[in-house]
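Inspection log for the structure reproduced underneath, given as structure tokens.
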Amino acid sequence: MSPRRQKAETGKRKTGIEKRRTGGFRSPVFHLLFSVFCLLVLCGSGLAQSAPARQGRARERIDLLVASGTVVTMDPQRRGLEDGAVAVRGDKIVAVGSRAELEVRYLPARRIEARGKLVLPGLINGHTHAPMTLLRGLADDLTLQEWLEKYIFPAEARNVTEDFVTWGTRLAALEMIHGGTTTYADMYYFEDAIARETKAAGLRGVLGETILDFPAPDNKTLAQALAYTENFLKHWKGDPMIRAAVAPHSAYTCSESTLKQAAALARRYGAPLLIHVSETKREVEEIRSKHGGSPPQYLEKIGFLGPDVLAAHCVWVDAADIALLAARQVGCVHNPSSNMMLASGVAPVVEMRAAGVRLGLGTDGPAGSNNDLDMMEEMDLAAKLQKVTRMDPRALGAQQALEMATIEGARALHLEAEIGSLEPGKKADLIIVGLSAPHAVPLYQVYSQIVYALKASDVETVVIGGRTVMENGRVLTLAEAEVIAKAREYGAKVQRSLAAPPK
Ligand SMILES: [Zn+2]
């Protein structure tokens, strides 16, 4: 018996005793009616209060319930749930279902109301160079060679320090969180600082220290770069948010020996290998004449390819390359903005998907080859680029583009067991997207609206590993005004450095 029920029973008995003691004071009929009234009131209130108390005990405690939104799961059935809900405990999703069903099962410590909004898996940016946000727009509309030699290499040589990378990553993190990216893959220098800032911002990252055959801003020799990278891998081993990786830049900037040493180091630590592959026609011709095969064939020959490799671009890949990338379970990343801006070419996305290649989506850049970190835009362009080059509007649809930014992006990063869809057991990485802007109404088809109409600015709330990093447009993990002021300061500094004669 519940304490409240007991109180009601006691009250009932007391009422009876009082009736006897006060006998004759009022008529027996009045007494009877009064007693019945009291009994009903006491029992009724006791029962009414005991029902939720009983239900409360039966409900499982969770940390967060995201409720009432249209949940776009991207699960194997591609379920969409109207008036749905996602239950989160710790850093994981425990249930996805209808709001009514989950409200009965769970008692949340915190609730986020998403009525009239979309709830999606967090977007996955499969390829970028985050600190280059500070070089955004420095020089554009040039050939890759001119851009690199006249602007980027001198600007990097004179400005890229650990402090530059720290502020550049903070700026990138702000932009990515605002646009609904929850996981990103990166290749740059001082990657340990990038990892530190990524974790502080609450983002998930697959972060590769870049290794090249010429001096880099952080490491001047290959031996130094390998030693730095080994320490970096040791430092982040087992971290739930950061996957430290080894990133030999490409087959045209790294010798065979460098590529082999980088792969051996990564495999000693079970770390991913990030690399640029077959980005330009020129690269493919160069590798063919030097090594007698395409970049994927050459990388296969030296034992580099495998299910731990993430290959950015793969624009100039033929049927044999595609079959090889699929067979070796290499993750590939399509970067439509970058490929268009640098006039690199058009990746055979349709053929790669048909062959079962793990194919995600990335922004590249953000300087010179994009110039932003906007995955909403990247989905839109991925679909439209395939349509226009094939003269077929059915070539790549909205659902496929969204898959590349979510579950297929997770497959490319070999993280599909953890992220990429809203399913029980996966990490609680989700975004809430508003549907009240002029460009967001009316709504007929959800996938189509997301890919062709919605903008990064429609993302309102971002949860990564169960932690709310943005709520109603306000990023909770970074001092936004300070980061933007610092970015302007760095802009002026970089400009002055290029005006001055080289040291
Ligand atoms: Zn790149």
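Just a few scattered comments:
- Checked against (1) of a type outside the set (A, V, I, L, M); (2) out of contact with any strand residue (DSSP E or B) (no Cβ under 8 Å at 6 or more places or on another chain); (3) touching a residue at least 40 places away in the same chain (Cβ under 8 Å), Glu285 meets all criteria but (3).
- In the range 326-336, residue farthest from the ligand (Cβ to nearest atom) [restricted to those that are part of a helix (DSSP H, G or I) and either open to solvent by 10 Å² or more (accessible area, probe 1.4 Å) or without any contact (Cβ under 8 Å) to a residue 24 or more places away in the chain (or both)]: Ala327
- Here Glu82 fulfils each of the conditions (1) without any contact (Cβ under 8 Å) to a residue 60 or more places away in the chain; (2) surrounded by fewer than 23 Cβ atoms within 10 Å (Cβ to Cβ); (3) within 16 Å of the ligand (Cβ to nearest atom) apart from (3).
- Of the helices (runs of 4 or more DSSP H) lying entirely inside the range 148-213, those containing at least 2 residues that are within 30 Å of Gly434 (Cβ to Cβ) and open to solvent by 10 Å² or more (accessible area, probe 1.4 Å) are 162-178, 191-201.
- Selection status of Leu359, assigned to a loop (DSSP other than H, G, I, E, B) and in contact with a strand residue (DSSP E or B) (Cβ under 8 Å, 6 or more places away or on another chain): no
- The residue pairs whose first member lies in the range 359-373 and is over 29 Å from Leu324 (Cα atoms), whose second member is more than 9 Å from the ligand (Cβ to nearest atom) and of a type in the set (Lys, Arg), and whose beta carbons are closer than 7 Å, counting only pairs six or more residues apart or on different chains, are Pro366/Arg136; Ala367/Arg136; Asn371/Arg136.
- Listed by first and then second residue, the pairs with beta-carbon distance under 7 Å, at least 6 apart or on different chains, first residue in the range 120-135 and closer than 20 Å to Cys314 by Cα, second assigned to a helix (DSSP H, G or I) and more than 10 Å from the ligand (Cβ to nearest atom), are Ile124/Ala405; Ile124/Gly409; Ile124/Ala410; Asn125/Met176; Asn125/Met375; Gly126/Gly409; Gly126/Ala412.
- Filtered by the rule that a residue be farther than 13 Å from Ala405 by Cβ and either surrounded by 14 or more Cβ atoms within 10 Å (Cβ to Cβ) or at pLDDT below 95 (or both), the range 416-442 gives Glu416, Glu418, Leu422, Glu423, Lys426, Lys427, Ala428, Leu430, Ile432, Gly434, Leu435, Ala440.
- When Ala319 is tested against (1) in contact with a Leu (Cβ under 9 Å, 6 or more places away or on another chain); (2) open to solvent by 10 Å² or more (accessible area, probe 1.4 Å); (3) of a type in the set (A, V, I, L, M), just one condition goes unmet, and that condition is (1).
- Filtered residue count, the range 299-316, keeping only those that are more than 20 Å from Arg411 (Cβ to Cβ) and within 16 Å of the ligand (Cβ to nearest atom): 1
- Within the range 372-394, the set of residues being closer than 14 Å to Gly180 by Cβ, of a type in the set (D, E, K, R) and not in a loop (DSSP other than H, G, I, E, B) comprises Glu377, Glu378, Asp380.
- Residue within the range 219-234 that is on the phi < 0 side of the Ramachandran plot and within 16 Å of the ligand (Cβ to nearest atom) present: no
- Of the residues making up the range 355-382, those that are in contact with a Lys or Arg (Cβ under 7 Å, 6 or more places away or on another chain) and within 11 Å of the ligand (Cβ to nearest atom) are Pro366, Ala367.
- Enumeration of residues in the range 337-350 that are closer than 14 Å to Ala382 by Cα and either away from the ligand (no atom under 16 Å from the Cβ) or hydroxyl-bearing (Ser, Thr, Tyr) (or both): Ser337, Ser338, Val346, Pro348, Val349, Val350
- The one condition from (1) assigned to a helix (DSSP H, G or I); (2) surrounded by 22 or more Cβ atoms within 10 Å (Cβ to Cβ); (3) out of contact with any Cys (no Cβ under 8 Å at 6 or more places or on another chain) that Ser344 does not meet is (1).
- Restricting the range 264-298 to residues that are part of a loop (DSSP other than H, G, I, E, B) and within 16 Å of the ligand (Cβ to nearest atom) leaves a set whose member that is nearest to Val317 (Cα to Cα) is Ser278.
- Sole residue being more than 16 Å from the ligand (Cβ to nearest atom), over 17 Å from the mean Cα position of the chain (by Cα) and open to solvent by less than 10 Å² (accessible area, probe 1.4 Å), chosen from Leu402, Leu385, Leu396: Leu396
- So Val72, is it in contact with a Phe, Trp or Tyr (Cβ under 9 Å, 6 or more places away or on another chain), at pLDDT 95 or above and under 14 Å from Leu422 (Cα atoms): yes
The values are calculated or read from the model by the stated rules, or taken from the named source; none is laboratory data. What you see is a predicted model, and the numbers here were worked out from it, not measured in a lab. Positions of Cβ are backbone-derived with ideal geometry, glycine not excepted, and every protein chain shown enters the neighbour counts. Note: areas computed on protein heavy atoms with side chains; ligands, DNA, RNA excluded. Shrake-Rupley method; radii C 1.70, N 1.55, O 1.52, S 1.80 Å.
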